[in-house]
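The values are calculated or read from the model by the stated rules, or taken from the named source; none is laboratory data. All of these numbers come straight from a predicted model, not from anything done at the bench. In this analysis, Cβ positions are derived from the backbone assuming ideal geometry, glycine residues included, and neighbour counts consider all displayed protein chains. The area values use the complete protein model at the heavy-atom level, side chains included, leaving out ligands, DNA and RNA. Shrake-Rupley method; radii C 1.70, N 1.55, O 1.52, S 1.80 Å.
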Amino acid sequence: MGLRSEAEYREGLRDGREVYFRGQRVDDVTKHPIIGVGVRHCSIDFRLAEDAEHRDLFTYELPEGGRASRYYKVPAAAEDLLDRNRMIETGTRLSLGVVPLVKEIGTDALFALLLVTREMDRRLGTKYRERVQRYLERAREMDLALAVAQTDVKGDRRRRPSQQSKPDYYVRIVRKTPDGIVIRGAKAHTTNTPFADEILVIPTRAMMEEDSDYAVACAVPVNARGVRLIVSPFSPEQDSLFHHPVSARHRLIDTLTIFDDVFVPWDRVFLCGEAAFAGPLANTFVEFHRFTAISYKPPLLDLLIGAAALIADFNGVLGAPHIQEKLTRLAIYTETIRALTRQAAMEPKFTDGVAIPRTLVTNMCKYYFATQYHQMISLVQDIAGGLLVTGPSEEDLRHPVLRQDIATYLGGREGAGARERLQVFNLIRDLTASDFGGYNEVLQIHAEGSIEAQKITIWREFDLDRCVELARQAVNLDGQEQLTPA
Ligand SMILES: Cc1cc2nc3c(=O)[nH]c(=O)nc-3n(C[C@H](O)[C@H](O)[C@H](O)COP(=O)(O)OP(=O)(O)OC[C@H]3O[C@@H](n4cnc5c(N)ncnc54)[C@H](O)[C@@H]3O)c2cc1C
């Protein structure tokens, strides 16, 4: 097959999967009045592969002939990472700043599995690499949409899986049979699971021998028996494009993903008890996944800057020095993230022929993005003014008397009408001061790993010796030369 149409993708989601939203079973995720927004959003990854203008970027030529989704191309050079960055940025821009995330995250996990299973096979004599390779080829061939369930519910964060008060705070292997394994537990915050064909389960942390039942990685169809998805609630007001110009069309939808004794056949099991490899797998996944993250951040920032500049213009203050200063700070923030992302792609490290984005730069970029985001939002809100949250509604604009009141009182500078001002206010409110805006703020901090996780990685990757050596030389600590002033 190689590539699926948008219609084929949607049809594939009508497979009896067990999805719940606000306590109700969802019979068909493609038709649900609220969560259906997620299907329309995720479809873009398929639509762009069909579209003449974007086909070259979103697909690639297979060596054996035919084309496949470019997401499945294992990066072998800086150019592949740059293409991946362009593809993710383009898909997100066309989704108004919301990353589609049904092929991005899954392929990040597959690249990590390719690398870690090769190392496992070398050290332990296992045969996982071949299984991952076969799975990847099949997923590419069937053009699958994949969710990744990494983050366990974790119970007491200070304790490892086997030390928890309840045995199911991390997903674990409860049984091995001649045909496969049975897994039990729950993963939190799994994005777009209701709109994926399969879930890749991978460990969330390093483990010790005592945790070996929890060292599990595998692929599970979303409609497998025992998989239950509980969708997070969100405001049902998303239908109005006037009030919610972005979130009425584009949203990530996350689930608590429950594995209630799910059987997984051996050919879909990629880690089964090898505790020493849980940490490397978790870390290698984020080496790719944080690169995806920093690739999809700039379009949202472009949208925020554009909206801030528009509203400043409509309010007559675009030329004010402090507004330009704030827009400049937003521009520096955005372009720094773009530049670091490209830098991470252009200086990859190579393992077994796979190009891995430069880990130090990727994490610096993600850290910088996450720690500054709320401040940047405050600049946009400052530029916009209070009508962000106090303006009248779409229904008021349809009312014969109120419409006139609004037109009379809510215009801006000459030529800037009330309706267009309200449209831009609503765009900024949707992105920063709504249910969706709040979700975005939490996403920017936690998704793809918490801020501390990035700091730990930066500390690990940073070349401290280089700096210490220079400091030692500066004061001749090693006594190698006479210090004489120039
Ligand atoms: C919108 C969104 C989408 C997401 N999508 C996915 C997805 O598709 N798949 C997936 O697998 N995950 C996903 N995640 C999960 C994301 O990676 C986690 O939220 C992140 O790793 C933080 O984990 P947590 O939410 O459990 O918070 P916690 O780990 O509980 O962190 C809360 C605080 O506790 C601190 N902390 C945690 N453990 C310790 C410790 N041992 N010692 C000291 N301090 C500690 C943290 O640093 C942080 O400050 C998503 C998250 C969000 C918000």
Checked against (1) within 16 Å of the ligand (Cβ to nearest atom); (2) touching a Leu at 6+ places or on another chain (Cβ under 9 Å), residue 383 satisfies every condition except (1)
Do you know which residues across segment 251-309 are within 16 Å of the ligand (Cβ to nearest atom) and part of a strand (DSSP E or B)?
254, 255, 256, 257, 258, 259, 270, 271
Is segment 233-241 home to any residue that is in contact with a strand residue (DSSP E or B) (Cβ under 7 Å, 6 or more places away or on another chain) and open to solvent by 20 Å² or more (accessible area, probe 1.4 Å)?
no
On the given criteria, is residue 452 within 25 Å of the chain's Cα centre (by Cα), within 15 Å of the ligand (Cβ to nearest atom) and charged (D, E, K, R)?
yes
Those residues of segment 82-128 which are farther than 23 Å from residue 202 by Cα, of a type in the set (A, V, I, L, M) and crowded, with 22+ Cβ neighbours inside 10 Å, in sequence order
87, 98
If I filter segment 26-48 for residues that are crowded, with 17+ Cβ neighbours inside 10 Å, hydroxyl-bearing (Ser, Thr, Tyr) and within 21 Å of residue 299 (Cβ to Cβ), do I get at least one hit?
yes
Lone qualifier among 146, 101, 114, 96 - being over 16 Å from the mean Cα position of the chain (by Cα) and among the aliphatic types (A, V, I, L, M)
114
Quick check: is even one residue across segment 8-24 in contact with a Lys or Arg (Cβ under 6 Å, 6 or more places away or on another chain) and of a type in the set (Val, Ile, Thr)?
no
Give segment 355-378 a look and list any residue that's part of a helix (DSSP H, G or I), open to solvent by less than 10 Å² (accessible area, probe 1.4 Å) and either farther than 14 Å from residue 440 by Cβ or of a type in the set (A, V, I, L, M, F, W, C) (or both), or say none.
359, 362, 363, 365, 366, 369, 370, 377
Residue by residue through segment 267-279, note down the ones that are open to solvent by 10 Å² or more (accessible area, probe 1.4 Å) and touching a Phe, Trp or Tyr at 6+ places or on another chain (Cβ under 8 Å).
267, 268
So, first residue crowded, with 23+ Cβ neighbours inside 10 Å in segment 245-266, second residue modelled with pLDDT under 95 and in a strand (DSSP E or B), Cβ within less than 7 Å, six or more apart or across chains; the pairs are none
Close pairs (9 angstrom Cβ cut-off, 6 or more residues apart or separate chains): closer than 17 Å to residue 291 by Cβ in segment 436-459, of a type in the set (Gly, Ala, Ser) and within 6 Å of the ligand (Cβ to nearest atom) anywhere
457/449
So which residues in segment 111-160 are within 20 Å of residue 183 (Cβ to Cβ) and within 12 Å of the ligand (Cβ to nearest atom)?
146, 147, 148, 149, 150, 151, 152, 153, 154, 155, 160
Has segment 359-367 got at least one residue that is among the aromatic types (Phe, Trp, Tyr) and either within 23 Å of residue 234 (Cβ to Cβ) or away from the ligand (no atom under 16 Å from the Cβ) (or both)?
no
List the pairs whose first member sits in segment 140-151 and is part of a strand (DSSP E or B) and open to solvent by less than 10 Å² (accessible area, probe 1.4 Å), whose second member is of a type in the set (D, E, K, R) and within 13 Å of the ligand (Cβ to nearest atom), and whose Cβ atoms are under 6 Å apart, counting only residues at least 6 apart or on separate chains?
149/187
Which residues, counting only those in segment 406-431, are within 19 Å of residue 254 (Cα to Cα) and either among the polar types (S, T, N, Q) or within 16 Å of the ligand (Cβ to nearest atom) (or both)?
431
Can you tell me which of 56, 80, 51 is among the acidic types (Asp, Glu) and within 28 Å of residue 282 (Cα to Cα)?
80
Is there a residue in segment 470-484 that is within 16 Å of the ligand (Cβ to nearest atom), on the phi < 0 side of the Ramachandran plot and free of Cβ contacts under 8 Å to residues at least 40 places away in the same chain?
no
Take the residues of segment 154-196 that are touching a residue at least 40 places away in the same chain (Cβ under 8 Å), open to solvent by 20 Å² or more (accessible area, probe 1.4 Å) and in a loop (DSSP other than H, G, I, E, B): which is nearest to residue 275 (Cα to Cα)?
160
Over segment 211-240, the set of residues closer than 30 Å to residue 426 by Cα and either modelled with pLDDT of 95 or more or part of a strand (DSSP E or B) (or both) is 230, 231, 232
When you scan segment 8-115 for helices (runs of 4 or more DSSP H) that lie fully inside it, which ones turn up with 3 or more residues that are of a type outside the set (S, T, N, Q) and within 22 Å of residue 253 (Cβ to Cβ)?
36-42, 44-50, 78-94
Which residue pairs have Cβ atoms under 7 Å apart, sit 6 or more places apart or on different chains, and have a first residue in segment 87-113 that is among the small types (Gly, Ala, Ser) and a second that is away from the ligand (no atom under 16 Å from the Cβ)?
91/44; 91/48; 95/44; 97/299; 97/303
Give me a count of the residues in segment 197-210 that are within 14 Å of the ligand (Cβ to nearest atom) and either open to solvent by 40 Å² or more (accessible area, probe 1.4 Å) or outside any loop (DSSP other than H, G, I, E, B) (or both).
6
